[in-house]
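Below is one structure, written out as C-alpha cells; the observations come after it.
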Amino acid sequence: MSVENDKKNSEEKSISYDKSFEGFIGNNAIVMHLKEAMKHDKVSHAYIINGEDKSGKTLLALEFAKALMCVDENERPCGHCKSCIQADSHNNPDIIWITHEKPNTITVDDVREQIVNDAQIKPYAGRYKIYIINEAEKMNVQAQNAILKTIEEPPHYVIVILITNNAGAFLQTITSRCVMLSMKPVREDIIREYIMKKYQIPDYKANLCVSFAQGNVGKAIELAKTEEFDEVKTEAIHLVKYIDDMEIGEIIDAIKKIEEFKISVNDYIDILMIWYRDVLMFKVTNDANSVIFKEEIGSIREQANRHSYNGIENILNAMAKARQRLSANVNFQLTLELMILTIKEN
Ligand SMILES: [Zn+2]
C-alpha cells in the first residue's frame, strides 16, 4: 500500500532525489530503495529501521523525512526551503519525533496522544505527516496495539517510522505491515575514507577508529571526534603490556579511570580486544602489516610468543563475555575481576 498520489503528482515527475541522503554513508541498498520509492511515488505508510546503536538509523530517518517534505520543485531535499531548515533543526511541525517520559517505556498514552489522535489532524504545511519513534522497541504491548490502528488504516498523508535496535521486540502484526530496512555494517574502506576527509585525522588513527567501529559509522565518527581517544588508547596499551605485573585492584582502578573520559567501559574493552586480535593475527601470520597497532609491534610479537592460541582465544572470549555482562548490568567489579583473571591465567 503506498501513500496516495496527490494532485500535484503530475507536476512532480521531474523532481530529482539524486542528492537525497547526501550526509549518509553506506547501506546503499536501503538508500536506493527509498530514493526509488520517492521517485515513483510508492512511499509506504510504515517503516522499521532496524540496526545497532550508532549505525545511522536516526540520520537515515531524518534524511528521508527531509526529502519527503521538501517543497523545492527540482531537487529534493534542497536544503534551503523552510521545510528543510525546520527539518534539520527538528522543528518541522509535520515531522513529529515521539517523546516519552518514562525512560524505559513508551506507553499507550504516549502513542495515543502523540500519534493516534494527532494523525487525524491534517498536516500543518507539508504533503505528509511523518511520525518518527526512536527506540521503538520500548513500546509496550498496549502501545504497540494502539499504534497498530494507525499503521493499518492510515490517513493518506501519514508515514510512521519505527527506529529500533531490536525489531524482534515488535508484535508480528506490526512487522507484517511495515517495510523492514535492516542496517548493515559499512565497509571499512568507505568509513576510513570518510572520517579521514571529514575530520582530518591521520591514517593510523583512522585505521584504529575503523577497526574499532566494526562497520558502525556512528561509532567511527564518534571516535574520530573524541580528542581523548589517543589518550585512552595509550592507557589501554599500557594496561595490556604490563597486566602480568599488576595487581587486580590496580587494574580495576585503571579501568575505572576510563569513565572520566567520554568513552564507555565497553568501548575500552573493545580496544583491548583489538589488541588481543592483533596478537592472535601476528601469531598466525607473523606479518607486521596484518596488525592494527603497528607501532607496538615489539610488544605484540612478545605477547604472541608468550600466549598459546588457546590462551588468546580464552582471553578474547572472556572479553566478549564481560561486554555482555556489563550490558546486562551485572556487577561491574565482579565482571572485570573475572575478565582480568582470565587474561592473567592465559
Ligand atoms: Zn527543501
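The values are calculated or read from the model by the stated rules, or taken from the named source; none is laboratory data. Note that the structure is predicted; figures quoted are calculated from it, not measured. Reconstructed Cβ throughout: ideal geometry from the backbone, glycine too, with neighbour counts over all protein chains shown. Quick note on the areas: whole protein, heavy atoms, side chains included, nothing else; ligands and nucleic acids left out. Shrake-Rupley method; radii C 1.70, N 1.55, O 1.52, S 1.80 Å.
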Item to complete: Among the residues of the stretch 78-120, count how many are open to solvent by 90 Å² or more (accessible area, probe 1.4 Å) and within 16 Å of the ligand (Cβ to nearest atom).
Response: 5
Discussion item. If I filter the stretch 314-321 for residues that are farther than 24 Å from Asp253 by Cβ and of a type in the set (Gly, Ala, Ser), do I get at least one hit?
Written reply: no
Worksheet item: If Asp267 passes every condition in (1) free of Cβ contacts under 8 Å to residues at least 12 places away in the same chain; (2) under 24 Å from Ser327 (Cβ atoms); (3) of a type in the set (D, E, K, R) but one, which one does it miss?
Response: (1)
Worksheet item: Does the stretch 96-110 contain at least one residue that is closer than 25 Å to Lys197 by Cα and either part of a loop (DSSP other than H, G, I, E, B) or in contact (Cβ under 8 Å) with a residue 12 or more places away in the chain (or both)?
Response: no
Fill in: Answer from Ile312, Ile297 - the residue that is touching a Leu at 6+ places or on another chain (Cβ under 9 Å), at pLDDT 90 or above and aliphatic (A, V, I, L, M)
Ile312
Worksheet item: From the set of residues in the stretch 59-77 that are in contact with a helix residue (DSSP H, G or I) (Cβ under 9 Å, 6 or more places away or on another chain) and open to solvent by 10 Å² or more (accessible area, probe 1.4 Å), which is farthest from the ligand (Cβ to nearest atom)?
Response: Leu59
Worksheet entry | Unmet criterion (only one of (1) away from the ligand (no atom under 13 Å from the Cβ); (2) touching a residue at least 60 places away in the same chain (Cβ under 8 Å)) for Lys35 | (2)
Worksheet item: How do the pairs read when you match residues in the stretch 132-147 that are within 7 Å of Ile163 (Cα to Cα) with residues anywhere that are open to solvent by less than 40 Å² (accessible area, probe 1.4 Å) and at pLDDT 95 or above, using Cβ under 6 Å and keeping only pairs 6 or more apart or on different chains?
Response: Ile133/Ile98; Ile133/Leu162; Asn134/Ile163; Ala136/Leu162; Ala136/Ile163; Ala136/Thr164
Worksheet, complete the sentence: When Tyr242 is run through (1) in a helix (DSSP H, G or I); (2) surrounded by 15 or more Cβ atoms within 10 Å (Cβ to Cβ), the failure sits at (2)
